[in-house]
Every structure is written in structure tokens, then in C-alpha cells.
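The structure under discussion appears below in the form of C-alpha cells.
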Amino acid sequence: MARYKVGLIGGDGIGPEVIGETIKVIEATGVELETVAYDLGADRYLRTGDVLPDATLLEIKSLDAVLLGAVGPPIGSTQVPSGILERGLLLRLRFELDLYVNMRPFVTPRGWNRFRIEPMDLVVIRENTEGTYAGEGGFLRKGTEHEVATQGSVNTRFGVERVVRYAFELADSRPRKHLSLVHKTNVLTYAGDLWQRTFNDVANEFPEIDTAYSHVDAACIHMVENPNRYDVIVTDNLFGDILTDLCGAVSGGIGLAASANLNPDRTGPSLFEPVHGAAHDIVGTGKANPVAAIRSGALMLEFLGEKEAAMRINRALEEYEIPEGAKTSTIGDAIAERV
Ligand code: IPM
Ligand code: MN
């Protein structure tokens, strides 16, 4: 009998291709999954008008985990209004499943020197249920000359403290034991103050952790010039969104960047997805790099407690130098074989 019931949201564009390779690699570990495919994303929306039906969400809540490929229409398409899928599907899942930790590890594979930087090994912990993503705000006199738009940022002591504590625990489990807070406390003097005080308070529980602080703009410079000054970073939702795209680019390319949307309290399934998007322009060409999705699969296995299987995938990824121009399924096969 399958040990875990896993929802698959292949989604749009290259999403289904990279999820296919991920399942191939997971099967090679011997961990048995019962998979349930969910037809969600731009395609489904355009066909039926559905984004995430309540009944589907309810079913997803009973799963052990969710693997998501990518969601979104082709760039420039006007058929899906901006925000419909982001708010209605991706963020709704993050909020409803209380996936308050967005963990994004950046590890440069051996032999990978596209940017001729030193190999990176750091983790960004991005708060995933609050900040500007909470959607506070609105319009006044919309469409008139005097229109006003406000977009607030929600920062609760509870929400900040739980993600900061998770980051301290993670830093504690790593050899360097170093944690940086990234924010913009010099300008966001309310939210920044709450984050900094919370960070300092939790730090008292972890005297063995070395702590530091960077403003987010300076963190961008460090990330390009000397990323290894960081070990674990904890940051707010929007800063984490932007910073992790930069981390992806400088650590070897966004095709390698994995992420885990975690509910550490395990009151429901966690969701695992590559950081990259649907890349409709390369669908069917074999150019999609499945490594980010496969790494996300390894994060899923690890979170489910299948540490040995996760380690085998990570070791296979480390051993395997992706040949220039290798096709999606060739990469998946090669990794599955090494596993
Ligand atoms: C990400 C994505 C999402 C985000 C979008 C698609 C809503 O960019 O996972 O980083 O902003 O969080
Ligand atoms: Mn993003």
C-alpha cells in the first residue's frame, strides 16, 4: 500500500513535464506514493472559469503533501486577468493550508560555474502568509482623476514569531549556525520594528546562533558579491519573493531553485514547487530543466520523514553534471538511474 497520498498540480506550460520527471525520480527511491492529479491553473480557468473549487480545496486538505509544477498563462496573454490565479489558487493554498514557512534552499551544483561565482549554500526562509500578500488595501474613486490605491502590509506578532522561530531552529541544525534578518527597518519603521524586536526576543532562546541584520537593498549587493556571508536568512513575504529570484539567478539559474511551502505544525499538507514559472515558450522542446522540481520532490520526501530517499536524490543530483543541452527527460532518467 502506498505510504503517502500526494496531490499533483502539474499546472500550465512546462509544469506537467517537470512534475513527470519528479515522479520518475521519486519512484526510483522506492517510496510509494498514491498520486491524485488535480487539473488546476490557467488552462482549467480558461476552459471552465474555475480557479480552485471549494470541494477541491477540501479534498487537498486531507492529503499528505502537494507537488505543484507551475501555474500561469503565457506571458503577455490577456485572457487571464493578473492576480486571478496568483491570489485565487497559489496564495489561497498558502493561506488556507497555513503554509507559513516558504523555505528556499540555494545550493550550487558541483561544476556549475555559469556566473563564475563561488558555490552557494544558503537557505532563505520567507514568511508566507502575511505582509503585502495578505491583500490589505483597496481603491477609492477608482478610474477617476483623483483615484487612490492603498496596499498595506500585515505583520502580526504571532505570524512573525512563528516564522522567525522556525528559521532559528533551522540555523541551529546547520553547521555554521548563522541567521540573518533581512528587512528595511530604516524605512518601514513599524513593520521593521516588530520584526527586529521579535527577532531579538527569539534570539535569546538560541544563544548559540550567530545573528546579523541586512537591509534588503544591501542584501542584494551581498548576494551578488559575497553570498556566502549568509547561511540562513529570514525575511518578510515580499522581500523574500524578490530576494529569492536573485538567489536563484546567482546560485546557478532559476531552473535549479526549489521551494517548500511548509505547515510545520502539520495541521495539513505542505506544498512543494519549483521557484520558476510556466515558461510556455519552451513547452514540448525538452529544454525545461526538471532539477528545480526534482529538488522540490526531495524536500517533500524529507519533510514526510523519508530522509534516506531524499538524501539519495540529493546525492544523485550532486554526482550528476548536467550535460550542456540535455533534454528534460534525459536529465530525469539520468537522475533516476543514479538514485
Ligand atoms: C513565487 C511566485 C509567486 C509569489 C506568485 C506567482 C504569486 O512569484 O512563488 O515566488 O509571488 O509568491
Ligand atoms: Mn516569486
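Suppose we filter the stretch 62-90 for residues that are more than 14 Å from Ile9 (Cβ to Cβ) and either away from ligand 2 (no atom under 16 Å from the Cβ) or open to solvent by less than 70 Å² (accessible area, probe 1.4 Å) (or both); how many remain?
Going through the stretch 62-90 one residue at a time, the tally reaches 12.
Return the residues of the stretch 319-336 that are in a loop (DSSP other than H, G, I, E, B) and touching a residue at least 12 places away in the same chain (Cβ under 8 Å); say none if nothing qualifies.
Tyr320, Glu321, Ile322, Lys327
Working carefully through the options Glu324, Glu337, Glu319, find the one that is more than 28 Å from Glu225 (Cα to Cα) and more than 12 Å from the chain's Cα centre (by Cα). Break it down into steps so the answer makes sense when it comes.
Values: Glu324 fails: more than 28 Å from Glu225 (Cα to Cα); Glu319 fails: more than 28 Å from Glu225 (Cα to Cα).
On inspection, the qualifying residue turns out to be Glu337.
Given the conditions (1) open to solvent by 50 Å² or more (accessible area, probe 1.4 Å); (2) over 30 Å from Leu58 (Cα atoms); (3) of a type in the set (Val, Ile, Thr), which single one is not true for Val123?
(1)
Is at least one residue of the stretch 80-102 closer than 20 Å to Met223 by Cβ and either modelled with pLDDT under 95 or part of a loop (DSSP other than H, G, I, E, B) (or both)? Show your work before the answer.
Filtering the stretch 80-102 for residues closer than 20 Å to Met223 by Cβ gives 102.
If we keep only those that are either modelled with pLDDT under 95 or part of a loop (DSSP other than H, G, I, E, B) (or both) as well, we get none.
No, there is no match, as no residue in the stretch 80-102 is closer than 20 Å to Met223 by Cβ and either modelled with pLDDT under 95 or part of a loop (DSSP other than H, G, I, E, B) (or both).
Can you tell me which of Asn289, Asn228 is touching a Leu at 6+ places or on another chain (Cβ under 8 Å), touching a residue at least 40 places away in the same chain (Cβ under 8 Å), away from ligand 1 (no atom under 16 Å from the Cβ) and more than 23 Å from Glu169 (Cα to Cα)? Reasoning before the result, please.
Details: Asn228 fails: more than 23 Å from Glu169 (Cα to Cα).
Only one candidate qualifies: Asn289.
Let's see how each residue does on (1) among the β-branched types (Val, Ile, Thr); (2) within 12 Å of ligand 1 (Cβ to nearest atom):
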{"position": "Asp241", "(1), (2)": "no, yes"}
{"position": "Asp245", "(1), (2)": "no, yes"}
{"position": "Gly248", "(1), (2)": "no, yes"}
{"position": "Gly252", "(1), (2)": "no, no"}
{"position": "Ala258", "(1), (2)": "no, yes"}
{"position": "Gly268", "(1), (2)": "no, no"}
{"position": "Val275", "(1), (2)": "yes, yes"}
{"position": "Ala279", "(1), (2)": "no, no"}
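Do we find that Gly69 is closer than 28 Å to Leu238 by Cα and modelled with pLDDT under 95 in this structure? Step through it out loud before you land on a result.
On the way: closer than 28 Å to Leu238 by Cα: yes; modelled with pLDDT under 95: no.
Judged against the criteria, Gly69 is not a match.
Might you check whether a residue that is closer than 22 Å to Met311 by Cα, more than 20 Å from the chain's Cα centre (by Cα) and part of a loop (DSSP other than H, G, I, E, B) occurs anywhere in the stretch 50-58? Step through it out loud before you land on a result.
Initially, the stretch 50-58 is screened for residues closer than 22 Å to Met311 by Cα, giving none.
No, because not a single residue in the stretch 50-58 is closer than 22 Å to Met311 by Cα, more than 20 Å from the chain's Cα centre (by Cα) and part of a loop (DSSP other than H, G, I, E, B).
Would you pick out the residues in the stretch 300-318 that are open to solvent by 10 Å² or more (accessible area, probe 1.4 Å), part of a helix (DSSP H, G or I) and farther than 19 Å from Ile14 by Cβ? Don't jump to the end; show me each part of the working.
Keep residues of the stretch 300-318 that are open to solvent by 10 Å² or more (accessible area, probe 1.4 Å), which gives 302-308, 311-312, 314-315, 317-318.
Going one step further and asking which of them are part of a helix (DSSP H, G or I), we end up with 302-303, 307-308, 311-312, 314-315, 317-318.
If the condition is that a residue be open to solvent by 10 Å² or more (accessible area, probe 1.4 Å), part of a helix (DSSP H, G or I) and farther than 19 Å from Ile14 by Cβ, then Glu302, Phe303, Lys307, Glu308, Met311, Arg312, Asn314, Arg315, Glu318 are the ones that fit.
Leu89 fails exactly one of the following numbered conditions: (1) more than 20 Å from the chain's Cα centre (by Cα); (2) free of Cβ contacts under 8 Å to residues at least 60 places away in the same chain. What is the number of that condition?
With (1) more than 20 Å from the chain's Cα centre (by Cα); (2) free of Cβ contacts under 8 Å to residues at least 60 places away in the same chain applied to Leu89, the lone miss is (1).
Looking for whichever is modelled with pLDDT of 95 or more and over 22 Å from Gly15 (Cα atoms) here; the options are Pro274, Pro269, Pro290, Pro264. Which one fits? Walk me through it before giving the result.
Numbers: Pro274 fails: over 22 Å from Gly15 (Cα atoms); Pro269 fails: over 22 Å from Gly15 (Cα atoms); Pro290 fails: over 22 Å from Gly15 (Cα atoms).
Just a single option satisfies the conditions, and that option is Pro264.
Residues of the stretch 255-308 being over 18 Å from Lys24 (Cα atoms) and acidic (Asp, Glu), which ones?
Asp265, Asp281
Looking only at the stretch 46-60, filter to residues that are charged (D, E, K, R) and surrounded by fewer than 13 Cβ atoms within 10 Å (Cβ to Cβ); which one of those is farthest from Gly20 (Cα to Cα)?
Within the stretch 46-60, the first condition is being charged (D, E, K, R), and the residues that meet it are 47, 50, 54, 59.
Imposing the further condition that a residue be surrounded by fewer than 13 Cβ atoms within 10 Å (Cβ to Cβ) reduces the set to 47, 54.
Details: Arg47: 23, Asp54: 26 Å.
Filtering the stretch 46-60 for residues that are charged (D, E, K, R) and surrounded by fewer than 13 Cβ atoms within 10 Å (Cβ to Cβ), the one farthest from Gly20 (Cα to Cα) comes out as Asp54.
Kindly check whether there is at least one residue in the stretch 16-26 that is modelled with pLDDT of 95 or more and not in a helix (DSSP H, G or I).
Step one: list which residues in the stretch 16-26 are modelled with pLDDT of 95 or more, which gives 16-26.
Applying the additional criterion that residues be not in a helix (DSSP H, G or I) yields none.
No, every residue in the stretch 16-26 fails to be modelled with pLDDT of 95 or more and not in a helix (DSSP H, G or I).
What are the residues in the stretch 256-290 that are at negative phi, open to solvent by 20 Å² or more (accessible area, probe 1.4 Å) and within 16 Å of ligand 2 (Cβ to nearest atom), if any?
Those that are at negative phi, open to solvent by 20 Å² or more (accessible area, probe 1.4 Å) and within 16 Å of ligand 2 (Cβ to nearest atom): Val275, His276, Gly277.
Taking interchain pairs and intrachain pairs at least six residues apart, which have beta carbon atoms under 8 angstrom, with the first residue in the stretch 237-265 and closer than 16 Å to Asp98 by Cα and of a type in the set (Asp, Glu) and the second open to solvent by 10 Å² or more (accessible area, probe 1.4 Å) and more than 10 Å from ligand 2 (Cβ to nearest atom)?
Between residues of the stretch 237-265 that are closer than 16 Å to Asp98 by Cα and of a type in the set (Asp, Glu) and residues that are open to solvent by 10 Å² or more (accessible area, probe 1.4 Å) and more than 10 Å from ligand 2 (Cβ to nearest atom), the close pairs are Asp265/Asp98.
Which of the residues spanning the stretch 1-30 are open to solvent by less than 20 Å² (accessible area, probe 1.4 Å), of a type in the set (A, V, I, L, M) and in contact with a Leu (Cβ under 7 Å, 6 or more places away or on another chain)?
Those that are open to solvent by less than 20 Å² (accessible area, probe 1.4 Å), of a type in the set (A, V, I, L, M) and in contact with a Leu (Cβ under 7 Å, 6 or more places away or on another chain): Val6, Ile9, Ile19, Ile26.
Any residue that is among the aromatic types (Phe, Trp, Tyr), in a helix (DSSP H, G or I) and touching a residue at least 60 places away in the same chain (Cβ under 8 Å) - is there at least one of those in the stretch 268-284?
no
The values are calculated or read from the model by the stated rules, or taken from the named source; none is laboratory data. This is a predicted model, so every value here is computed, not measured. So basically every Cβ, Gly included, is an ideal-geometry build from the backbone, and we count neighbours across all protein chains shown. Protein only, heavy atoms only, side chains kept; ligands, DNA and RNA dropped before computing areas. Shrake-Rupley method; radii C 1.70, N 1.55, O 1.52, S 1.80 Å.
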